[in-house]
Amino acid sequence: LLQIKRAGYNQSPYVKEFGISVSENFERIGGLVLDAPSLEYKSRMQPATVRPMRGVWNAKEFYASSALKKWIILCLNDRTQEDELINFSRLMQTTGKELGMVIDNPPAPKRMYPPGRDTREIEEFLRTMKKENVQLVLVVISDNPRFKDCYSKVKQTAEQNVGVLTQCLKARTMQRMNPATCKNILLKVNSKLNGTNHCIASDS
């Protein structure tokens, strides 16, 4: 509003010549804030509904989950500890069980150097994973500014060149991993595997 007053439109000879004026106050109109629709999740007895509050809600058992039978962790960050990766794979399984998603134990994590210009090593690994019918490669990408395009190179190599599904995590996300973050990751993973996380409740 201050800038409108400073502009002084109504003092302009051109504005006066056309016989118009510009209000220095915004117009006030009535509005309506709609309630967020309830979300429906699967339940053994009856559908479980959740109402989001300010865009936030706690996910329940997936409406239709997809099993994650074959998956592997590919770590492209040299500072991520082995026990962090192992603990994360266990957390994926326990959180998946909470969400009604069957997640099998993955093989030992694979480590590689972050891709620079040459992505052949990663591409070769991903092609092997495709031949072995791996459903998902969970990739821990480096936070090092030297590898700022690590994400784009992984995605291009995996999903454009090879045709393997990936879920990328930043190294600092892995370092701060907790059940809530893991649940958010599984929301993405279940969708990528053609599962249905939730639907709009019938009463909405």
Q. Looking at (1) modelled with pLDDT of 95 or more; (2) in contact with a Cys (Cβ under 8 Å, 6 or more places away or on another chain), which is the only condition ARG127 fails?
A. (2)
Q | Yes/no for GLU24 being modelled with pLDDT of 90 or more and either among the charged types (D, E, K, R) or open to solvent by 100 Å² or more (accessible area, probe 1.4 Å) (or both) | A | no
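Specify which of the listed residues (VAL139, VAL134, VAL154) is touching a residue at least 60 places away in the same chain (Cβ under 8 Å), out of contact with any His (no Cβ under 6 Å at 6 or more places or on another chain), under 21 Å from SER89 (Cα atoms) and assigned to a helix (DSSP H, G or I).
The unique qualifying residue is VAL154.
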Q: Go through region 63-77 and count every residue that is open to solvent by 90 Å² or more (accessible area, probe 1.4 Å) and either touching a helix residue (DSSP H, G or I) at 6+ places or on another chain (Cβ under 6 Å) or at pLDDT below 95 (or both).
A: 1
Q: Scan region 143-182 residue by residue and report those that are among the basic types (Lys, Arg), in contact with a strand residue (DSSP E or B) (Cβ under 9 Å, 6 or more places away or on another chain) and open to solvent by 50 Å² or more (accessible area, probe 1.4 Å).
A: LYS170
Q.
Residues to consider are LEU74, LEU39, LEU1; find the one that is without any contact (Cβ under 8 Å) to a residue 60 or more places away in the chain and not small (Gly, Ala, Ser).
A. LEU1
Q) Which numbered condition trips up THR80, out of (1) touching a residue at least 60 places away in the same chain (Cβ under 8 Å); (2) open to solvent by 20 Å² or more (accessible area, probe 1.4 Å); (3) more than 20 Å from the chain's Cα centre (by Cα)? A) (2)
Q: Tally the residues that are open to solvent by less than 90 Å² (accessible area, probe 1.4 Å) and either among the acidic types (Asp, Glu) or assigned to a helix (DSSP H, G or I) (or both), restricting the search to region 185-204.
A: 7
Q | Members of region 100-124 that are open to solvent by less than 40 Å² (accessible area, probe 1.4 Å), hydrophobic (A, V, I, L, M, F, W, C) and over 16 Å from ILE141 (Cα atoms) | A | MET101, ILE103
Q. Quick one: would you say VAL33 is surrounded by fewer than 13 Cβ atoms within 10 Å (Cβ to Cβ), touching a helix residue (DSSP H, G or I) at 6+ places or on another chain (Cβ under 6 Å) and either without any contact (Cβ under 8 Å) to a residue 24 or more places away in the chain or of a type in the set (A, V, I, L, M) (or both)?
A. no
Q) Which one of these is surrounded by 19 or more Cβ atoms within 10 Å (Cβ to Cβ) and farther than 23 Å from ALA158 by Cβ: LYS60, LYS97? A) LYS60
Q) Do you know which of the residues in region 130-142 that are open to solvent by less than 50 Å² (accessible area, probe 1.4 Å) and not β-branched (Val, Ile, Thr) is nearest to the chain's Cα centre (by Cα)? A) LEU138
Q) Across region 89-122, what is the total count of residues that are small (Gly, Ala, Ser) and without any contact (Cβ under 8 Å) to a residue 12 or more places away in the chain? A) 1
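The values are calculated or read from the model by the stated rules, or taken from the named source; none is laboratory data. Fair warning: this is a prediction, and the values are worked out from it, not measured in the lab. Positions of Cβ are generated from backbone atoms using ideal geometry, with glycine treated the same way; all protein chains shown enter the neighbour counts. Keep in mind that these areas ignore ligands, DNA and RNA; they rest on the heavy atoms of the full protein, side chains included. Shrake-Rupley method; radii C 1.70, N 1.55, O 1.52, S 1.80 Å.
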